[in-house]
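Trainee: First, the structure itself, so that you have it in front of you.
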Amino acid sequence: MKRFRFTPLIYALFLFLASCNENFYNYSGAVWGTTFNISYKSGQQLDDSIDAVLRSVDESLSMFNPGSTIARINAGSDMRADSLVTGVLDLSRRVWDVSGGSFDPTVGPLVELWGFGPGRRQGKPDSAAIALALSRTGLHKCNVADGQVCFSADSMRLDFSAIAKGYGVDRIASLLSRNGCNDFMVEIGGEINARGMNPDGRPWRIQIDAPSSAPDGSAMHDRLRIIELRDAALATSGNYRNFRLLPDGRRVGHTISPLSGLPVLSETLSVSVMAGECALADALATAAMAMPYADARTMIDSLDGVEALFVLSAPDGGTQVIATDGFPEAL
């Protein structure tokens, strides 16, 4: 019996023909109260596999799903942590540490107290209510032992909304890479992981929105700048689209400091963070919004492979855009 072996030339021809059968597929939809858009080059359609990844993240981390793992943990009915909860909690702890506690997924009681939770309460909380909420906040009061989430304070809960979208983006990016995709762009709610080239054979072109909103808080997608993104992830955080008015007419944003228990009053209007992983960029962007600009810039500069674009309010009422040295230039 003769054995057939690929010669290098035949093998190269085989790979070339296989690549010729690859097409760009586009898949979009709605998930977790936002939208997703995915474009990928592949020899087969992978939409069903993408749906499976989205379901797995939803069943574990979603605050919109009352049957999710995190919902059961928060209700105290089942404290078992699955691999997704453990992974996101580990990354959250890393960012909590480098941000000096400014990123904290236990901040939910404070967020709700200021009217940004499901209850949408009105009015300004008093100091006693803030102190009580602070006593139920702090990632150092949460740990995992023998696969069980343990809280050292009553009425604590975890909310990974500030990192779950980025984590979902990374899970889909990992799925595509495992299936041989080298060129793709995954976007969920504005959080992005881009690899390789777009259908035009160029790096992916991404628009970063200016920090602007309509008077009712609805999104206005005014362009701040367009950048090329390749083999990197990007996440943006800002206060300009989610705010409410206090009884005295003052406007407060949804970023609440887990350290002071008060809405963050900062000159930073938005932060776009570029990193190797979207979950990391997502968490760092949230942390940067909860810190004074100088502290946030120091944090970003201390991290390898991380860059950022800050939009600050200027004294004359305008805005000032500041980018770290390695952030992509505007096209």
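The values are calculated or read from the model by the stated rules, or taken from the named source; none is laboratory data. Because the structure is predicted, anything quoted here is derived from the model rather than measured. As a convention, Cβ positions derive from the backbone with ideal geometry for all residues, glycine included, and neighbour counts pool all protein chains shown.
Trainee: Quick one: in region 269-280, which of the residues that are touching a helix residue (DSSP H, G or I) at 6+ places or on another chain (Cβ under 6 Å) and not in a loop (DSSP other than H, G, I, E, B) is nearest to L91 (Cα to Cα)? Walk me through how you get there before you give the answer.
Mentor: Of all residues in region 269-280, those touching a helix residue (DSSP H, G or I) at 6+ places or on another chain (Cβ under 6 Å) come to 271, 273, 275, 277-279.
Subsequent filtering for residues that are not in a loop (DSSP other than H, G, I, E, B) retains 271, 273, 275, 278-279.
Working: V271: 19, V273: 16, A275: 14, C278: 11, A279: 8 Å.
Only one residue tops the list, namely A279.
Trainee: Sort out which residues of region 281-331 are among the charged types (D, E, K, R) and touching a helix residue (DSSP H, G or I) at 6+ places or on another chain (Cβ under 6 Å), and write them in order of number.
Mentor: Once the filter is applied, which keeps residues that are among the charged types (D, E, K, R) and touching a helix residue (DSSP H, G or I) at 6+ places or on another chain (Cβ under 6 Å), region 281-331 yields only D282.
Trainee: For region 191-219, what are the residues that are touching a strand residue (DSSP E or B) at 6+ places or on another chain (Cβ under 7 Å), within 25 Å of A164 (Cβ to Cβ) and at pLDDT below 95?
Mentor: Across region 191-219, the qualifying residues are D209, P211, S213, G217, A219.
Trainee: Any idea which of S99, S56, S68, S62 is of a type in the set (S, T, Y), closer than 25 Å to L139 by Cβ, modelled with pLDDT under 95 and surrounded by 14 or more Cβ atoms within 10 Å (Cβ to Cβ)? Show your work before the answer.
Mentor: Working: S99 fails: modelled with pLDDT under 95; S56 fails: modelled with pLDDT under 95; S68 fails: modelled with pLDDT under 95.
Going through S99, S56, S68, S62 in turn, just one is of a type in the set (S, T, Y), closer than 25 Å to L139 by Cβ, modelled with pLDDT under 95 and surrounded by 14 or more Cβ atoms within 10 Å (Cβ to Cβ): S62.
Trainee: Another one. Could you check, for region 242-254, whether at least one of its residues is at pLDDT 85 or above, β-branched (V, I, T) and either in a helix (DSSP H, G or I) or over 19 Å from I192 (Cα atoms) (or both)?
Mentor: Kept after step one, since they are at pLDDT 85 or above, are these residues of region 242-254: none.
There is no residue in region 242-254 that is at pLDDT 85 or above, β-branched (V, I, T) and either in a helix (DSSP H, G or I) or over 19 Å from I192 (Cα atoms) (or both).
Trainee: Test D51 against the criterion of being acidic (D, E), touching a Gly at 6+ places or on another chain (Cβ under 9 Å) and buried (at least 17 other Cβ atoms within 10 Å of the Cβ), and give yes or no.
Mentor: Numbers: acidic (D, E): yes; touching a Gly at 6+ places or on another chain (Cβ under 9 Å): yes; buried (at least 17 other Cβ atoms within 10 Å of the Cβ): no.
Considered against the rule, which asks whether it is acidic (D, E), touching a Gly at 6+ places or on another chain (Cβ under 9 Å) and buried (at least 17 other Cβ atoms within 10 Å of the Cβ), D51 comes out as no.
Trainee: Let me ask another. Tell me, which strands (runs of 3 or more DSSP E) lie completely within region 123-213 with 1 or more residues that are of a type in the set (G, A, S)?
Mentor: On the way: elements: 142-145, 148-151, 184-188, 191-195, 204-209.
Answer list for region 123-213: 142-145, 191-195.
Trainee: Here are the criteria: (1) part of a helix (DSSP H, G or I); (2) over 23 Å from F184 (Cα atoms). Tell me which single one V53 does not satisfy.
Mentor: (2)
Trainee: Hey, among the residues in region 297-319 that are within 17 Å of D97 (Cα to Cα) and over 17 Å from the mean Cα position of the chain (by Cα), which one's surrounded by the most Cβ atoms within 10 Å (Cβ to Cβ)? Quick ask: steps written out before the conclusion?
Mentor: Step one: of region 297-319, the residues within 17 Å of D97 (Cα to Cα) are 297-304, 306.
Filter once more, so that each one left must be over 17 Å from the mean Cα position of the chain (by Cα): 297-299, 301-304.
Numbers: R297: 18, T298: 11, M299: 21, D301: 12, S302: 9, L303: 15, D304: 6.
Per the criteria, the residue is M299.
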